[in-house]
Every structure is written in C-alpha cells, then in structure tokens.
Amino acid sequence: GVDLQVCTSKNPTCCTKKMEERYQTAAKQDIQQVLQASSATLKFLISHNAAAFQETFEMLIRLAENYTSTFFCNAYRNMAAEATARVQEFFTDVGLFLFGTDVSTEEFVNRFFDTLFPVVYNHVINPGPTDISLEYAECLRVARRDIRPFGNIPKKAIGQMGRSLLPSRTFLQALNLGIEVINTTDHLHFSKECSRALLRMQYCPHCQGLTLSKPCMGYCLNVIRGCLADIAEVDLHWRGYIQSLEDLSRAMSGAYGIEHVLLNFHSLVNDALVQAQINGPELSERVNKICGPPVRKSKQSPGCSFDQNKDNQRLKMFSRDSEETLANRRKEFISHLRLYRAFYGGLADQLCGNELAAADGLPCWNGEDVVRSYTHRVVGSGIKAQSANPEVKVKGTDPVISQITDKLKHVIQV
C-alpha cells in the first residue's frame, strides 16, 4: 500500500489503505471501550446509590403519610376521611418537590393548612348537626392566612420542610448529574488528530508484522493525554463536586434531617389542631366577621376510610432505624466516592499503566519503530500542557465538556 495516510514506514508494509481505515475504526472503538471499562465501577456506585436513596425517600414519604393519616383516624375520627384527602395531597407535593419538580415548599405547606382549616372548623371549632356549605368552606380556605387559626405552626412547618427537603433534593440532583458527567466522558468525541495518533500507536506496528509490541509508556502518555486533554479539565470541578457532596451529606442529619421532619409532621399537625381548639370561641368571632355565620347543608361525613395495614409491615421495619440507616448509607457512599476524587486527573496514567503500554524495561513501540526507550519529552495533563505534545495537536476545548463542567460548577454552588 503506497497510499497509506498514517502507517507510512521505511520498511516494507503489509497494510493497504482499506486496512488502515479499518484499523482506524478499531483504534477508536478500543479506546472507547477502555474508557468505559475504567469508569464502570464508579458509574455503578453512583447510579446504584441514586436509585437506593430515591427508593428510601419514597418509603419515608409513604410512612410519614401513614403516620399522619393514622393520627387523624385515632384522634379525630369524625373528620378523618376529609383530612386524609388533604394529607395525601400534601405528601404528593412533598414527593414532587423532592424529585425535582418546580414547586415551592412554602406554597404547598400553606395550601395544606388552607384546605385543612374548613375541615377543622366544621368538625372541631364550630361543629353543627349539618356540614358547612361549599361556598362557606371556600371563604374559610381563602381567609385562613388572615384568621391564623393554627398560630405560628404553619410558619414552623414551612421552615422545617424547606430546610430538610432542599438538601435531599439537591443530593439526588447531584447524583444524577454525576451519572451524566460519566456518560458524557465515556462517549467523548475524538478529534481527527487524536484518532490518527491512536491508530499510529496501536495498529501501525501490525503493518510491519509487529503484532505483539506495545507502545512505550512515555509515548502512550503523550498520545492519551493529548486525546483526553478535555477530560483532564473536568478534574478540578470533579474534586469540588465530591467535596460538596461530602459537606452536604454532613449537613443532612440531626433535627433538620428529612427523616426526623417527615416522620414527626403528624405531631406538628396535632399542635396546630390543639391551638385551634384552645382559641375556638375567639376564632368563631373572627370567622363571623369575615365569612358571616356558618351556612350549612345536610351532613355526610364518612368515618375513617384510611387503610392502616396497607404497607405497615414493610414500613414498620423501615421506620425503626430509618434515621440510622440513611445517615450510615450516606457515610458509606461518600467514603467509597472519595476514592474516585482524582479519577479524571489520573485517567491517562491509569489507562496506559493498566492496559495499553509496555512494562518498564521491555522493548517498546515509539510510533515508528521498536526501541529500548522513548526519547521525546512527556507532557503533563490538561489543555495548556498539550502545546508541547510531540504526538498530538490539541485545538481548543470540546463544547460538550465545557457544558458538563458548567453544570458541575452550578451544582457545587447550589
């Protein structure tokens, strides 16, 4: 083959242009596979934990909803059916917020107490032989924030929900971003210069019948550091990302831990109802001023329709040590993740050291011939260092990598 593009040599060659093209494709596929294999355990660690934490949070929400509905069934049976519908709506909102929907904690906590007030008024503050009308209930719902039947409990609930749900929501979002970073770097687009350098390093020796020779370590480092120059730029932000996750994880336990806040929500609701009962006569007066005297319709309050035994076995086991479990699981996950802090900075060295290059002291391929050792200068990692790379010309940063580092910067700030 006289028309070879990359594997040209002084010695006779057994490659044709067609073979060179096929080797070119193989060289790219090889490096892609090596990249994916090197990140596989890290990717599994993050995706497995993202799924496990999500499932744990879903269990927590179900358990907290169960506790709150049970509280109404036990303490306020006559209004339990109406109240549990409000409780369900509230915990649906908690889930939507936690798993990333754009709802505000203040909004849904207020909505819960707004919709609960007409029920409490009808059954606890001013019970009558018949129910209040829908129009009257609507007037109460709208007036709840002015009348303040539950004192400062709603405000307290807003504070607790915000401080406990936001870190957990951020934690889940950060884990999903971690998976996205790895997927992005696993499917890197290689430039033409890099592809040719990979071909020269891995398959050109085959054209001279040297099928067993491996590249020299220094030569391999130059080629792979050139090809992965963009990925090395992720290193600094990746370290920051793991550090931020660690800080966030530490801040997630204690009185504002999600377990503590959600599983004790029912006692906040209890405090709110006690407050409304104590101030009953005074509340009735305020209600009369704003909504007029109660307008009633025929009564139809079913008792407690909530099925307490639905998930109780699984939930009981979960609740006994949920706080312990969650905190320990986070600790364990972070300690495993910390081992990958330098993953992107040391990737080229890892690939050459584990897979690609010849062992020290053995004859090796330098891109042209089999030699005792590689004599060119070996450059460092990252884009800047590549200006002196003798094996690969590197131009500018890959926009896809810039985009992923921007996302990392953003999640670190959050």
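The values are calculated or read from the model by the stated rules, or taken from the named source; none is laboratory data. Source: prediction; values computed, not measured. Every residue, glycine as well, gets a Cβ built from its backbone with ideal geometry; the counts of neighbours run over all protein chains shown. Surface areas here come from the heavy atoms of the whole protein model, side chains and all, with no ligands, DNA or RNA. Shrake-Rupley method; radii C 1.70, N 1.55, O 1.52, S 1.80 Å.
In segment 159-171, the count of residues that are within 30 Å of residue 270 (Cα to Cα), open to solvent by less than 10 Å² (accessible area, probe 1.4 Å), not hydrophobic (A, V, I, L, M, F, W, C) and not in a loop (DSSP other than H, G, I, E, B) is one or more.
Matching residues to (1) modelled with pLDDT under 90; (2) under 22 Å from residue 74 (Cα atoms); (3) open to solvent by 50 Å² or more (accessible area, probe 1.4 Å):
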position	(1), (2), (3)
248	no, no, no
255	yes, no, yes
264	no, yes, yes
268	no, yes, no
271	no, yes, yes
277	no, yes, yes
280	yes, yes, no
283	no, no, no
293	yes, no, yes
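Among the conditions (1) within 25 Å of residue 185 (Cβ to Cβ); (2) in a loop (DSSP other than H, G, I, E, B); (3) open to solvent by 60 Å² or more (accessible area, probe 1.4 Å); (4) not acidic (Asp, Glu), the only one that residue 380 does not satisfy is (3). Considering segment 77-109, the residues that are of a type outside the set (A, V, I, L, M) and outside any helix (DSSP H, G or I) include one that is surrounded by the most Cβ atoms within 10 Å (Cβ to Cβ), namely 99. From the set of residues in segment 110-135 that are in contact with a strand residue (DSSP E or B) (Cβ under 8 Å, 6 or more places away or on another chain), among the hydroxyl-bearing types (Ser, Thr, Tyr) and open to solvent by 10 Å² or more (accessible area, probe 1.4 Å), which is modelled with the highest pLDDT? Taking the candidates together, the pick is 133.
Checking every residue in segment 172-189 against the condition of being of a type outside the set (A, V, I, L, M), surrounded by fewer than 16 Cβ atoms within 10 Å (Cβ to Cβ) and in contact with an Asp or Glu (Cβ under 7 Å, 6 or more places away or on another chain) gives at least one match.
Among the listed residues 55, 21, 82, identify the single one that is over 23 Å from residue 157 (Cα atoms) and within 39 Å of the chain's Cα centre (by Cα).
Result: 55 is the single residue among 55, 21, 82 that is over 23 Å from residue 157 (Cα atoms) and within 39 Å of the chain's Cα centre (by Cα).
Is it the case that residue 213 is among the polar types (S, T, N, Q) and outside any helix (DSSP H, G or I)? Spelling it out, residue 213 is indeed among the polar types (S, T, N, Q) and outside any helix (DSSP H, G or I).
Identify, by number, the condition in (1) closer than 21 Å to residue 246 by Cβ; (2) surrounded by 14 or more Cβ atoms within 10 Å (Cβ to Cβ) that residue 349 doesn't meet. With (1) closer than 21 Å to residue 246 by Cβ; (2) surrounded by 14 or more Cβ atoms within 10 Å (Cβ to Cβ) applied to residue 349, the lone miss is (1).
Of all the numbered requirements in (1) out of contact with any Leu (no Cβ under 8 Å at 6 or more places or on another chain); (2) open to solvent by 50 Å² or more (accessible area, probe 1.4 Å), residue 370 misses one, and that requirement is (1). Total residues in segment 163-197 satisfying the condition of being over 18 Å from residue 39 (Cβ atoms) and in contact (Cβ under 8 Å) with a residue 24 or more places away in the chain: the figure is 17. Candidates are the residues of segment 204-253 that are of a type in the set (Lys, Arg) and touching a residue at least 24 places away in the same chain (Cβ under 8 Å); the one that is farthest from residue 32 (Cα to Cα) is 239.
Just to be sure before I move on: is residue 210 at negative phi and open to solvent by 10 Å² or more (accessible area, probe 1.4 Å) in the structure I sent? Answer is yes for this residue. Being open to solvent by 90 Å² or more (accessible area, probe 1.4 Å), of a type in the set (Asp, Glu) and farther than 22 Å from residue 197 by Cα is the requirement here; does residue 355 meet it? In short, no. If you check 54, 36, 24, 32 for being farther than 30 Å from residue 172 by Cα, touching a residue at least 60 places away in the same chain (Cβ under 8 Å) and in a helix (DSSP H, G or I), only one passes: 24. Only one entry in 342, 327 is modelled with pLDDT of 90 or more and either hydrophobic (A, V, I, L, M, F, W, C) or in a helix (DSSP H, G or I) (or both), namely 342. A single member of 375, 397 is under 23 Å from residue 229 (Cβ atoms), open to solvent by 80 Å² or more (accessible area, probe 1.4 Å) and β-branched (Val, Ile, Thr), and it is 375.
Scanning segment 1-55 for residues that are surrounded by 15 or more Cβ atoms within 10 Å (Cβ to Cβ), among the β-branched types (Val, Ile, Thr) and modelled with pLDDT of 90 or more yields 31, 34, 46.
Return the only residue of 200, 239, 225 being part of a helix (DSSP H, G or I), open to solvent by 10 Å² or more (accessible area, probe 1.4 Å), among the basic types (Lys, Arg) and under 29 Å from residue 333 (Cα atoms). Don't jump to the end; show me each part of the working.
Numbers: 200 fails: under 29 Å from residue 333 (Cα atoms); 225 fails: under 29 Å from residue 333 (Cα atoms).
Testing whether each residue is part of a helix (DSSP H, G or I), open to solvent by 10 Å² or more (accessible area, probe 1.4 Å), among the basic types (Lys, Arg) and under 29 Å from residue 333 (Cα atoms) leaves just 239.
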